[in-house]
2 protein chains.
Amino acid sequence: MTEKRHIFSILVDNKPGVLSGIVGLFSGRGYNIESLCVAETNEPDVSRITMVSIGDKPVIEQIKKQLYKLINVIKVNDLTETEYVQRELVLIKVTAKQDQRAEILRIVDIFRGKIVDVGFEHYTIEVTGPVEKLAAILKMLKPMGIKDVARTGNIALPRNQ
Amino acid sequence: MTEKRHIFSILVDNKPGVLSGIVGLFSGRGYNIESLCVAETNEPDVSRITMVSIGDKPVIEQIKKQLYKLINVIKVNDLTETEYVQRELVLIKVTAKQDQRAEILRIVDIFRGKIVDVGFEHYTIEVTGPVEKLAAILKMLKPMGIKDVARTGNIALPRNQ
């Protein structure tokens, strides 16, 4: 059976131990977490966990069922079942020697990124986009020498609801 | 003692159970997690966890010590001890009635956001920035009617290293 990338958007009570329960469920059963974000929503007592996991259909169904069994899980949404907007943010610190700077700026411009910090020998770049776009800019910058990368992992919202 | 917001950047082995160990450590000891991101780095066998936690100095020192005791934790960096660039990404789905659209577009423009989805009655907006900027745009859009918010939580990289 084919394994697919699923984006779960999980609304949970903003209480200590809730994240631990969910992450523990995944690791205890050997489910894979590709990325995970947790942050507050507009309601102070509700947090949203966005988790990307890869699995075939039975595994994904199992994950959903198990999540709903947890207390403090309010809603589980498998966004890959619907139309959705997905974005991720990445900060890239890239070596920027004198003769590389023009090319780096061109790449940043093409990917609609921003330079958010500059040193004598580096630029720090901010880019957002779907996973494929971030992979593409990282590939283009690699020959310059990537010093450091921090990524958020995916967040997503359903379209047209 | 004053409680301060700390951003931890934690490099870990990309193995099942590592995230679970860290999150479990926090919840088991009652340390507060304000936001958390985990995603791959440029090295496939290393992941970076960026975690925001609030605490006074002894608590933060304790957290650092405990983190280093965990197997698979490669490096713990408390970025708030140095100069750093911090960013967060938020997707905001806002009600966009005919007579509100011009004002929403003005707000998005001022905050250098992007409209990434549009429906008959809503816009979905992407904005990045430090926490204060995101709080400000959310405050400005609130009167329009915020339908949904997904945020990544903070990521950060040190400056000038």
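The values are calculated or read from the model by the stated rules, or taken from the named source; none is laboratory data. Computed from a predicted structure; not experimentally measured. All Cβ positions, glycine included, derive from the backbone under ideal geometry; neighbour counts span all protein chains shown. SASA here: full protein model, heavy atoms, side chains in, ligands and nucleic acids out. Shrake-Rupley method; radii C 1.70, N 1.55, O 1.52, S 1.80 Å.
Values as computed for the structure displayed
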| item | result |
| --- | --- |
| Principal axis box of segment A:86-154, alpha-carbon based, largest edge first, Å | 35, 19, 18 |
| For segment B:34-97, alpha-carbon Rg relative to the globular expectation (2.2 N^0.38 Å, N residues) | 1.47 |
| The protein assembly as shown - Rg (one decimal) and Dmax (whole number), Cα, Å | 19.3, 57 |
| Cα coordinate range in segment A:43-148, projected on the principal axes (Å, largest first) | 57, 34, 23 |
| Occluded residues from segment A:15-55, i.e. those whose accessible area drops by 40 Å² or more once the chain is not alone (1.4 Å probe) | A:LEU19, A:SER20, A:VAL23, A:SER27, A:LEU36, A:VAL38, A:ALA39, A:GLU40, A:ASN42, A:ARG48 |
| Accessible surface buried once A binds B (1.4 Å probe; total of both sides; Å²) | 4200 |
| Degrees separating the helix B:18-28 axis from the principal Cα axis of chain B, which is the longest one | 90 |
| Residue (of B:ILE22, B:ALA96, B:TYR68) at the positive-pole extreme of segment B:1-118, dipole from beta-carbon charges | B:ALA96 |
| Residues of segment A:59-93 buried by at least 10 Å² on assembly (accessible area, 1.4 Å probe, chain alone as reference) | A:VAL85, A:ARG87, A:LEU89, A:LEU91, A:LYS93 |
| For B:GLY30, inter-copy label distances in nm, listed shortest first [label point 7 Å out on the Cα-Cβ vector] | 3.8 |
| Percentage, to the nearest whole number, of Cα pairs in segment B:1-56 over 12 Å apart | 66 |
| Accessible area in square angstrom per residue, segment A:86-154, 1.4 angstrom probe | 46 |
| Angle in degrees between helix A:57-69 and the longest Cα principal axis of chain A, rounded to the nearest 10 | 70 |
| Separation between Cα centres of segment A:81-143 and segment B:30-74, rounded to whole Å | 25 |
| Area of A:VAL149 that stays accessible when all protein chains are in place (1.4 Å probe, Å², to 10) | 10 |
| Positive dipole terminus of chain B, leading residue within B:THR2, B:PRO143, B:PHE111 (C-beta point charges) | B:THR2 |
| Computed over segment A:73-129: relative contact order in percent, which uses C-alpha pairs under 8 Å that are six or more apart | 41 |
| Chain B, relative contact order [Cα under 8 Å, separation at least 6], % | 28 |
| Label distances, nm, A:VAL46 versus same residue in remaining copies, Cβ-directed 7 Å point | 3.9 |
| Crossing angle, helix B:101-110 versus chain B [Cα axis fit, 0-90 degrees, rounded to tens] | 40 |
| The protein assembly as shown, dipole about Cα centre (Lys/Arg Cβ +1, Asp/Glu Cβ -1), debye to the nearest 20 | 60 |
| Pairs of Cα atoms farther than 15 Å apart, segment B:102-141, % | 35 |
| Partner lysines for A:LYS133 [C-alpha distance under 21 Å; skip if fewer than 8 residues away on the same chain] | A:LYS4, A:LYS93, A:LYS114, A:LYS142, A:LYS147, B:LYS114 |
